[in-house]
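Taken together, the values in this text are just the output of simple stated rules run on the coordinates, not laboratory data. From a predicted model like this one, the values you see are computed outputs, not experimental measurements. Note that we place each Cβ from the backbone using ideal geometry, even for glycine, and neighbour counts take in every protein chain shown.
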Amino acid sequence: MAINVATEAVFTVDEKVKLQMLTEEVSKLRLRVEELEETLDILSNKELMSSIEVSEREIVENRLFSCSEALKELGVYFPVDVVEYDK
């Protein structure tokens, strides 16, 4: 005959508060680790890093399209004048 022993963990109010705080911190830490993994993926992708470097040079050299110019270049009709958004 097997004897089943049930145990119940009883937490104090203070322990419950600390446990909740720990749970929230673990969740934040998990998100931070995911962000770091994504950053490492980008940094390890030579093609993507090269593209980013080209874009950074174009920004420094002021070789950018305004929103209006980009839409015109793409042949996109936009019913609202987007010049005010080019700033």
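Observations, loosely collected:
- With only Cα atoms counted, the range 13-85 has Rg and Dmax values of 22.2, 63 Å.
- Length available on full extension from GLU53 to TYR77: 0.36 nm per residue minus the Cα-Cα distance, which gives 5.6 nm.
- For the pair SER68 and LEU29, a Förster radius of 41 Å applied to the C-beta separation gives a FRET efficiency near 0.40, rounded to the nearest 0.05.
- Local electrostatic count at LYS18 - Lys and Arg +1, Asp and Glu -1, tallied over other residues with Cβ under 13 Å: -3
- Only one residue of PHE78, VAL33, ILE59 has its Cα farthest out toward the positive end of the dipole of the range 13-85, where Lys and Arg carry +1 and Asp and Glu -1 on Cβ, and that residue is VAL33.
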